[in-house]
């Protein structure tokens, strides 16, 4: 079963998605092609890229750090590709299960961090509105992620 066969960024809503998620591999994704971002669980990166743009941004710690790295690489003139020959076994949500407090917190906070670094003004305004709504109607750890983003609390352990 496929978890990643390339990616797509929805810049209007600042949502990242993987192509091929949960599909049985029947050979549909067999061509190397440029993609919006690479997944951090399986990257092959030239030393030159690290020398030019640095390492993963520690502000993220978990979630969106791979997308940030990919965007920085692209801005520096590099290309990001999906390579179907690269096959790994990846336990999805091994770091944190979907719906867990870690998942809710880091996904929420880091989406905002990423958006305010790369997205359009229109998308940023929409995310401010979304943040206000989630502060009233969101899950506990989404609220904490929003508060910590706006207070500038980043990196590992902000959820504590």
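Only the coordinates and a few stated rules stand behind these numbers; no lab work does. Note that the structure is a prediction, hence the values are computed from the model and not measured. Note: ideal-geometry Cβ built from the backbone for every residue, glycine included; neighbour counts use all protein chains shown.
Would you mind calculating the gained length between residue 51 and residue 150 on full extension (0.36 nm times residue separation, minus the Cα-Cα distance), in nm to one decimal?
Additional length available on full extension: 32.6 nm.
Could you tell me whether the stretch 101-151 comes out rounded, prolate or oblate from its Cα gyration tensor? Rule is a ≥ b ≥ c as square roots of the eigenvalues, rounded for a/c under 1.5, then prolate if a/b exceeds b/c, otherwise oblate.
Working: a/c = 2.30, a/b = 1.44, b/c = 1.60.
Here the stretch 101-151 falls in the oblate category.
If each residue of separation counts as 0.36 nm, what is the full-extension length gain between residue 75 and residue 24 once their alpha-carbon separation is subtracted?
Numbers: separation 51, 0.36 × 51 = 18.36 nm, distance 3.38 nm.
Value of the extension gain: 15.0 nm.
Can you give the angle from 0 to 90° between the axis of helix 101-118 and the longest principal axis of the chain, with both taken from C-alpha atoms, to the nearest 10?
Approximately 80 degrees, to the nearest ten.
Find the centroid of the Cα atoms in the stretch 1-35 and in the stretch 97-154, then give the distance between the two in whole Å.
So the separation of the two Cα centres works out to 24 Å.
Mean-square fluctuation check for the chain, GNM, Cα pairs under 10 Å: which of 115, 76, 123 is largest?
Among 115, 76, 123, the largest GNM mean-square fluctuation belongs to 76.
What do you get for the angle between helix 121-137 and the principal long axis of the chain? Use alpha-carbon atoms, 0 to 90 degrees, nearest ten.
Here the helix axis deviates by roughly 60 degrees.
Report the FRET efficiency, 1/(1 + (r/R0)^6), for residue 42 and residue 116, where r is their Cβ-Cβ distance and R0 is 30 Å, rounded to 0.05. Can you show the working numbers first?
Details: r = 27 Å, r/R0 = 0.91.
Given R0 = 30 Å and the Cβ-Cβ separation, E is 0.65.
When a/c is below 1.5 the answer is rounded, else prolate if a/b is larger than b/c, else oblate, so apply that to the chain with a ≥ b ≥ c taken from the square roots of the Cα gyration tensor eigenvalues.
Values: a/c = 1.77, a/b = 1.46, b/c = 1.21.
Note, shape of the chain comes out prolate.
In degrees between 0 and 90, to the nearest 10, how far off the longest principal axis of the chain does helix 140-150 point, with axes built from Cα atoms?
Roughly 90 degrees between the two axes.
Taking a ≥ b ≥ c as the square roots of the Cα gyration tensor eigenvalues, with a/c under 1.5 meaning rounded and otherwise prolate when a/b beats b/c, else oblate, which class fits the stretch 6-82? The partial results should precede the final answer.
Numbers: a/c = 1.88, a/b = 1.44, b/c = 1.30.
Verdict is prolate for the stretch 6-82.
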